[in-house]
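Nothing in this text is a laboratory measurement; each read-out follows from the coordinates by a stated rule. No experiment lies behind these values; they were computed from the predicted model shown. Cβ atoms come from the backbone with ideal geometry, glycine included; neighbour counts cover every protein chain shown.
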Amino acid sequence: MTQWCMRMPAGMLAGCMALSVPAVQAADPLPPQEAAALLQRMSDAARRVAYEGVFVMQHGASMQTLSIVNRPVGTAKESRLAALDGVEREIRCSETGSVSRVIEGGQIKLEKRLNSRYFPDLLPPNAAALASWYHVKPGERVRVAGLDCRQIEVSPKDDFRWGYVLCAEQGTGLPLKAVMVNESGQPLMQYAFAEIRIGSLPRVESRGLSKTEQTAWTMPPAAAATRPIMLETVSVKNLPPGFSRITAVKRKLPNKPEEVEHWVFSDGLTHISLFLEPALQPIESIRGQSKQGMINMAKRQVGTMQATILGDAPWPAIEAIAMGLEARSDAATR
Amino acid sequence: MKIHVMTESTMPSQSEQQNSPAESRHENLSALIDGELSDGMARIAITQLGHSPGDLARLGEYLAIGDAMRGLNTRHDGFSARVMAELENEPVVLAPVQKKRESRPTLWLAAATAAAITWVVWQSNPRDDLAVPLASVQQTAPQFDEASPYLAAHQDFAQAVISTQEMRFTKASLEIRP
Amino acid sequence: MSDRDLDLQLVERVRQGDQRAFGILVEKYQRKLMRLLSRMVRDQHEVEDIAQEAFIKAYRALPQFRGDAAFYTWLYRIAVNTAKNYLSSRNRSMPTVSDQAMNDEDEPDERLVAQDIATPETELLSKQVAIAVNQAVDALPEELRQAITLREIEGMSYEEIAETMACPIGTVRSRIFRAREAIATKLRPILGTADDKRW
């Protein structure tokens with residue numbers, strides 16, 4: 001039986017810092033240690049707090065509604081999400097990854113995702129490290145889904161990332177709303193809970209998976225979605241500060257006959273992808289930007305490869321990576 | 001929250017209390033919304049609901065109290081009565097008809113459909129050294145639908161679960177100086 | 001019977017021809033549904049219109065409800081799609097992210113707003129009601145207050161509450177009922193008895 005209660009005073013989580021900032025005006029950025037602690041508290045809450053609810057994700061005029069149930073298991077988490085509109089999709093996440101089950105056109109498709117983090121689990125497990133690259137400013141109190149929250153601005157220290165405004169629930173630090181914003185403070189994308197119940201979960205969840213459900217979620221043994229890269233054909237000379245490569249796999253994309261390489265760079269919060277594949281003909285250099293400017297991309301030729309770089313980041317970040325790509329002279333041809 | 005554990009129950013149980021018929025009915029409704037009525041009792045309670053007009057509103061009060069205790073925006077007006085009034089014009093729903101569920105796949109991740117993203121790009125001709133001025137736009141959308149799988153694969157990692165129909169790309173021209 | 005079983009049984013009753021059972025489902029989920037819709041549509045009247053249409057659609061579609069998903073998940077899907085159709089048929093899009101976040105135009109851009117989409121009016125009324133309810137709860141005799149709190153806030157079953165309070169389940173049932181009645185009695189003057197009074 002859980003001890004959680006929505007009326008519990010703040011500070012229940014071990015190691016959490018009580019905020020002592022003036023309530024009304026947005027204060028100066030927090031000193032690095034406090035910033036790190038605050039980020040870590042919000043990050044931990046998404047994994048360690050039990051909650052269930054419905055949230056809306058919005059980009060421009062496009063919206064998606066999802067339900068989520070999060071159950072902490074020891075220090076890890078188990079989440080289940082379900083799309084409430086559009087294609088029927090259910091996602092199950094654990095520490096080791098996530099599997100998505102789509103019912104489309106009468107068919108059931110199981111897909112493994114590379115990442116297992118969804119809103120509100122936006123911040124990485126080591127969120128304290130973000131304090132090196134982002135200013136953290138507590139702001140005013142707001143209400144989201146009926147709960148008291150504190151607005152927290154997480155703004156980049158440079159031009160290589162977008163910022164966020166998070167609304168962290170007072171008692172637990174759980175982000176109930178997150179707005180991704182650009183350099184002018186314009187919103188790019190937004191998540192917000194419409195309703196949430198923190199602490200006690202419906203008893204039906206604790207009965208575990210039935211036999212049928214277990215079968216429905218077992219990936220066929222042959223379905224290996226990705227495999228590791230053996231030889232690197234390209235080197236990245238120029239990464240924005242704080243970014244490192246967090247994964248590199250070979251994977252099959254729907255429109256392509258052969259596998260492509262997919263590398264991901266991240267600072268923990270911002271993600272940029274690099275795709276590499278053989279260039280079948282001379283590649284023209286192209287730059288693109290999504291309508292609201294949230295996603296920037298570049299495509300160019302590097303040696304014998306076609307490189308496509310895209311990410312939820314400002315153009316300077318994509319440009320830095322794209323311009324710094326060099327073919328490795330020791331690379332074997334594919 | 002402190003929980004007091006009572007060592008002795010001093011309150012009379014339901015069977016000892018003399019509930020009026022109305023009170024019994026309401027107590028059943030209270031248990032019904034908590035999901036704590038046996039199947040048989042639930043069936044009776046639901047049937048009785050039809051005979052007692054004010055009961056549905058009372059049930060609404062109980063539900064609204066719970067919401068208010070949890071600090072949620074709530075409401076208590078004639079909404080359900082209005083819905084039920086409108087339903088009176090509807091043919092009564094009878095036993096389930098096994099119809100095949102029509103699926104209308106709305107794009108969720110830009111996996112396969114070319115219409116998912118429209119790219120508008122201005123390409124610089126690699127033979128020219130001049131950057132194409134931003135004012136001159138050439139629409140080459142069809143060629144760049146191939147970007148959708150990249151976006152989907154990227155979003156596979158970058159936590160977005162949104163449909164990518166809004167990802168309309170604009171601008172371009174990129175000069176790579178050797 | 002679990003909450004989910006209750007919904008299934010209600011649906012079954014409706015399918016056997018008892019429309020009134022649908023009324024319980026409406027009462028049960030109308031608030032949750034409208035809170036969700038308020039995230040998508042600003043005007044509270046429109047939220048109600050859409051909610052009403054969604055319930056009617058759900059009623060008509062009940063023969064197709066398979067019971068493998070939770071009823072309210074199924075209902076939500078209908079409601080969200082109804083809202084989207086409603087807006088597009090009026091050539092309106094959802095409130096864009098920028099609409100929702102824009103605050104005072106005079107303020108310099110430093111201030112980023114993240115307001116909940118509820119209108120100030122509904123916020124105020126709701127707040128008054130919440131205060132009144134919580135005052136009524138605090139004024140209850142201890143055993144009634146404890147029972148209703150464990151039920152509504154902690155989400156405990158009657159059995160769990162009986163264990164916690166060391167009393168028979170029948171007593172739990174009775175206490176929760178009397179707590180609700182006591183609170184409702186205090187609230188009726190505030191709400192007014194007229195059906196159209198809104199919180």
### Query
Structure shown: which of C:Lys32/C:Lys84; A:Lys109/A:Lys256; A:Lys109/A:Lys177 lie over 28 Å apart, alpha-carbon to alpha-carbon?
A:Lys109/A:Lys177
## Note on the structure
The exposure ranking of A:Glu319, A:Glu195, fewest beta-carbon neighbours within 10 Å first, is A:Glu319, A:Glu195
### Message
What distance in nm lies between label points placed 7 Å from Cα along the C-beta direction at A:Ala248 and C:Asp43?
### Response
5.6
